[in-house]
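Here the structure comes first, spelled out in structure tokens, and everything after it is commentary.
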Amino acid sequence: MARIAGVNIPTSKKVSTALTYIYGIGNHRAMNICEKANIDPNLRVMKLSDEEVRKLREVIDSSYAVEGDLRMEVSMNIKDLIDIKCYRGIRHVKKLPVRGQRTHTNARTRKGKAIAIAGKKKVAK
């Protein structure tokens, strides 16, 4: 298994797809990395030589923030928003959607499982 940026990428997949297993690399960025390293994106990872894997590692390390560094950067950005108490920071603290989505009926992913509220009791006549 090839290890790039601290992640074991799957050997049976194409290089462009396998690179997306690294946090911070999507399809477009994976294709750009393959182009910079002069590697065919349709080649399987198991067929890469050690030299090609080293090229991929060098391109990723020199050009992109991935995995731990990127996670730390994102969390620091969120912490800054919370510290200055801006609208987005307050939404993060309250665990509500940050980007203007509706919350009346949706937002279950962000808010968590729905909590049942006891209804009114019916008055018997």
- Listed residues 81, 48; which is modelled with pLDDT under 95, within 29 Å of residue 5 (Cα to Cα) and either surrounded by 10 or more Cβ atoms within 10 Å (Cβ to Cβ) or aliphatic (A, V, I, L, M) (or both)? 48
- State the number of residues belonging to region 95-109 that are in contact with a helix residue (DSSP H, G or I) (Cβ under 9 Å, 6 or more places away or on another chain) and surrounded by 10 or more Cβ atoms within 10 Å (Cβ to Cβ). 6
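Yes or no: residue 61 surrounded by fewer than 16 Cβ atoms within 10 Å (Cβ to Cβ) and touching a residue at least 40 places away in the same chain (Cβ under 8 Å)? Give the derivation first.
Working: surrounded by fewer than 16 Cβ atoms within 10 Å (Cβ to Cβ): yes; touching a residue at least 40 places away in the same chain (Cβ under 8 Å): yes.
Here the answer is yes, as residue 61 does meet what is asked.
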- Of (1) modelled with pLDDT of 90 or more; (2) in a helix (DSSP H, G or I), residue 109 satisfies all except one. Which? (1)
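The values are calculated or read from the model by the stated rules, or taken from the named source; none is laboratory data. Fair warning: this is a prediction, and the values are worked out from it, not measured in the lab. Every residue, glycine as well, gets a Cβ built from its backbone with ideal geometry; the counts of neighbours run over all protein chains shown.
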